[in-house]
C-alpha cells in the first residue's frame, strides 16, 4: 500500500475489542486506508465510515478497501464534521473512532502538493484542493507581523521574526525550494547544524494555518466523544506537541467528574465524567517500527473509552 500506518498494531489492540459484537468504526482521517483495513480484517462484523477531505486519498482508500466494500462507506469531509456525517448516514452511535493527524506520506511524497521542503513544488499545502486558502497566500500575502505570529504559534519557531522578515524581503516567493532556502538563510548557522532541516518548523506552521488543523482538532474531539456508544473507544495519533497538548487536555476534561470544592459535603455541580483515559502516558512507536517507518518516530497515541452502562 506504500504508506505504512503509524502504531498500527496498537490501534488494532485498542479498537478491535470494542468491535467484538460489530458496530460502526469511524476513521476520520482515512488517508490510504491502512488503519481502516487492519481493523476490518480483524473485526469481521464491523462497518466502517471513512472520512477524508482529500479526494485523491479517498480514491486510494477505495481501492485498498475493495475486499470489504460491502462494509464501507466513504465520505469527503473534514474530521471535525463527524457528528453531522453520522447524522446524514443515519448512524446514531459508533463503537470506535480513529484520528491519525498530520500529513500523510503520499501527500509529502507528491511534490505538486507543496507539503515538503525536499523537492520543488508550488506553495499549495491544501489537504482539500478546493479550499481557497493556499500557502502562497500566506507566504506572499500576510503582513510581516501576522506571518511571524503564524510561524511562532504553529511552528514553535524561536526565529519566527527573522524568518518572516526574510520572506517579506524576498517576495514573491516562487516555490517550496525557494522558501526553504530563504528560511535556512534566516536561521543562524550554529542553529542549523542540529535539529533537522531548518525549514521544517516553518513548513509545519504554514500547513497548519492553511488547513486549520488545530482548530479542527479542538472542534472534533468533543464531537467524536459524543458520537461514541458506551464502551466505544477514541484513538488519536499526533505528531507534534501542539496536537498532543490539545488531545491531552480534551481527554482530561472529558474524564473529569465533579468539580465542586473538596470541602463540599455533597456534589452540587452535577458534572459526570464522560470517558476513562486508557493511556496514562502517550504510547510511542517501538524501535523496530521506527526502523521500518522513520516518519512514525514522532507519533504519540492517546485513547479514551466512553463511560456508560455497556462499559
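The values are calculated or read from the model by the stated rules, or taken from the named source; none is laboratory data. None of these values were measured; they are calculated from a predicted model. Positions of Cβ are backbone-derived with ideal geometry, glycine not excepted, and every protein chain shown enters the neighbour counts.
Worth pointing out:
- Matching residues, the range 41-65, being outside any helix (DSSP H, G or I) and surrounded by fewer than 14 Cβ atoms within 10 Å (Cβ to Cβ): 44, 45
- Matching option when the condition is touching a strand residue (DSSP E or B) at 6+ places or on another chain (Cβ under 7 Å) and assigned to a loop (DSSP other than H, G, I, E, B), among 18, 6: 6
- Residues (in contact (Cβ under 8 Å) with a residue 24 or more places away in the chain and either outside any helix (DSSP H, G or I) or closer than 16 Å to residue 142 by Cα (or both)) located in the range 193-210: 197, 199, 202, 203, 205, 206, 207, 208, 209, 210
- The residue pairs whose first member lies in the range 267-286 and is surrounded by 13 or more Cβ atoms within 10 Å (Cβ to Cβ), whose second member is at pLDDT below 95 and assigned to a loop (DSSP other than H, G, I, E, B), and whose beta carbons are closer than 6 Å, counting only pairs six or more residues apart or on different chains, are 273/257.
- Some residue of the range 103-123 being touching a helix residue (DSSP H, G or I) at 6+ places or on another chain (Cβ under 6 Å), crowded, with 19+ Cβ neighbours inside 10 Å and modelled with pLDDT of 95 or more: yes
- In the range 287-311, residue nearest to residue 238 (Cα to Cα) [restricted to those that are assigned to a helix (DSSP H, G or I) and in contact (Cβ under 8 Å) with a residue 24 or more places away in the chain]: 296
- Only a single item in (1) modelled with pLDDT under 95; (2) assigned by TED's automatic domain parsing to the domain that holds residue 301 is not met by residue 25, and it is number (1).
- Number of positions in the range 82-102 that are under 15 Å from residue 207 (Cα atoms) and at pLDDT 95 or above: 1
- Selected residue (only one of 171, 153, 162, 200 is outside the structural domain of residue 33 (by TED's automatic domain parsing), at pLDDT 95 or above and under 30 Å from residue 248 (Cα atoms)): 153
- One residue from 18, 36 being within 18 Å of the chain's Cα centre (by Cα) and crowded, with 23+ Cβ neighbours inside 10 Å: 36
- Residue in the range 68-83 that is within 15 Å of the chain's Cα centre (by Cα), free of Cβ contacts under 8 Å to residues at least 60 places away in the same chain and assigned to a loop (DSSP other than H, G, I, E, B) present: yes
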